[in-house]
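> Below is one structure. I have some questions about it.
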Amino acid sequence: MKTQNKLIAGLFIFLSFIIISSKPVYAGSEATCIFLLIEPGSRPNGMGHSFVSIAEGGFTSYWNPGGLGFIKDSDLGLMHSNWFGDLKEIDDMYYEFLGYAQFWEGIGTLGFNITYMLYGDQEAYDKDGKFLQNFTSYEIAVGASYGTQIKRDLGIGINFKGVISGLCPLIPGSDMTAAGEGYTFVIDLGLLKKNLIIPRLSFGVNLQNLGPDMTYANSDSKQPMPLNLRAGLSYRILDSKYSKMIASVDINKMLVNNDPLWKRWFTSIYDDGYDEFETLIENFGVEYKYYNLISLRVGYVNDVAGHITGVSFGGGICYEFSKGKVLSFDFALQPAGELTTNNKTFSLGLSF
């Protein structure tokens with residue numbers, strides 16, 4: 001078992017080095033496929049999107065694949081949201097997420113996940129303003145994940161995702177020579193350490209969307225993927241049979257600029273002095289659970305650069321319909337920025 005753990009840890013480090021040392025990435029001012037940064041799960045959303053050091057349940061592969069190493073059963077997570085649904089102008093934009101993880105004795109935890117973003121119906125016009133046709137834009141990522149414990153309180157994991165961006169089909173009568181479609185892949189690398197220094201204190205880190213640029217069929221320019229570094233701490237304040245309470249904090253930093261990938265680790269943080277720290281996203285959250293039945297959550301999101309700041313709220317109900325089999329329903333109301341005050345999300349979880 002120790003030999004297996006050493007091999008897995010060595011593979012993890014080797015893969016990280018190969019990816020980081022790969023060809024330079026020349027990013028534009030903005031990344032594409034931003035839907036990859038939408039956080040799934042109404043439980044973490046109610047906690048202000050602070051979940052990287054908790055990372056459990058069917059949404060683990062997104063938040064921190066290192067948390068997969070602590071899953072010892074099977075977990076399913078589904079989330080649906082009518083994104084910006086309160087706005088009549090864009091009431092047909094939907095976000096969907098499906099995640100599944102299953103533990104295999106002697107192997108670790110394997111999982112898969114699907115993220116789907118539908119941008120709704122849009123209208124195409126030619127250069128003279130003549131209507132051509134309606135079309136639908138979408139983006140999808142299909143992932144496979146793996147996580148394991150290399151020590152009792154230390155888990156590592158990886159999530160590989162193939163990404164398709166279908167922004168626009170080839171429209172007859174337009175100046176387009178090809179469809180606005182792109183394909184690429186990204187990798188998430190995560191680590192979760194429990195009982196850090198003191199009992200009940202956990203630390204998590206997740207490097208998200210590490211991969212080559214996306215090139216669309218109708219364009220020669222390359223668009224960088226939304227490489228993001230997420231890290232956080234959580235502490236279990238109460239952990240009794242009847243009352244459980246946990247507080248968490250996350251920090252996110254986008255790593256996107258025009259430097260080679262190996263250099264961006266430094267320049268994306270320090271190249272503009274203290275201005276770079278204004279792009280940090282801070283997330284805070286607290287959850288209280290009574291008797292593994294009812295949960296109440298509150299959080300705060302501080303995304304100055306993205307103009308998203310405010311308080312999030314949420315709640316959940318769990319029902320154990322058979323021994324070891326638990327169904328959960330969660331709801332969250334989270335800040336959404338300048339377009340609308342809040343986004344509403346609903347999610348289901350199943351452990352068995």
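The values are calculated or read from the model by the stated rules, or taken from the named source; none is laboratory data. Only a predicted model underlies this, so the values are computations on that prediction, with no experimental measurement involved. Glycine also receives a Cβ, built like all others from the backbone with ideal geometry; neighbour counts cover every protein chain displayed.
> Would you mind finding the one in 27, 55, 9 that is modelled with pLDDT under 50 and surrounded by 16 or more Cβ atoms within 10 Å (Cβ to Cβ)?
It is 27.
> Specify which of the listed residues (145, 42, 137, 53) is of a type in the set (S, T, N, Q) and over 15 Å from the mean Cα position of the chain (by Cα).
The unique qualifying residue is 137.
> Another question about this same structure. Could you pull out every one of the strands (runs of 3 or more DSSP E) wholly within the range 63-155 that has 2 or more residues that are aromatic (Phe, Trp, Tyr), surrounded by 14 or more Cβ atoms within 10 Å (Cβ to Cβ) and at pLDDT 95 or above?
So the answer is 94-104, 108-125.
> For residue 198, indicate whether it is farther than 30 Å from residue 137 by Cβ, without any contact (Cβ under 8 Å) to a residue 40 or more places away in the chain and of a type in the set (A, V, I, L, M, F, W, C).
Criteria met by residue 198.
> Next question. Which condition breaks for residue 175 when tested against (1) more than 20 Å from residue 216 (Cα to Cα); (2) not in a strand (DSSP E or B)?
(1)
> Which residue out of 300, 288 is of a type in the set (Ser, Thr, Tyr), modelled with pLDDT of 95 or more and within 22 Å of the chain's Cα centre (by Cα)?
Of 300, 288, the one residue that is of a type in the set (Ser, Thr, Tyr), modelled with pLDDT of 95 or more and within 22 Å of the chain's Cα centre (by Cα) is 300.
> For residues that are without any contact (Cβ under 8 Å) to a residue 40 or more places away in the chain and under 27 Å from residue 298 (Cβ atoms), tally how many sit in the range 209-236.
Number satisfying all stated conditions: 3.
> Looking only at the range 101-124, decide whether some residue is under 18 Å from the mean Cα position of the chain (by Cα), of a type in the set (Asp, Glu) and over 30 Å from residue 170 (Cα atoms).
No - not one qualifying residue is present in the range 101-124.
> Determine which member of the set 275, 239, 250, 259 is surrounded by fewer than 21 Cβ atoms within 10 Å (Cβ to Cβ) and either at pLDDT 95 or above or over 29 Å from residue 299 (Cα atoms) (or both).
Just a single option satisfies the conditions, and that option is 259.
> Still on this structure, I have one more. Anything in the range 195-229 that is of a type in the set (S, T, N, Q) and part of a loop (DSSP other than H, G, I, E, B)? List them, or say none.
Listed by number, the residues that qualify are 195, 218, 219, 221.
> Take the residues in the range 291-323 that are out of contact with any Pro (no Cβ under 8 Å at 6 or more places or on another chain) and within 16 Å of residue 251 (Cβ to Cβ); name whichever of them is surrounded by the most Cβ atoms within 10 Å (Cβ to Cβ).
Result: 299.
> Can you tell me which of 170, 192 is touching a Ser or Thr at 6+ places or on another chain (Cβ under 9 Å) and outside any strand (DSSP E or B)?
Testing whether each residue is touching a Ser or Thr at 6+ places or on another chain (Cβ under 9 Å) and outside any strand (DSSP E or B) leaves just 170.
> Answer with yes or no whether residue 326 is under 16 Å from residue 51 (Cβ atoms), buried (at least 16 other Cβ atoms within 10 Å of the Cβ) and β-branched (Val, Ile, Thr).
no
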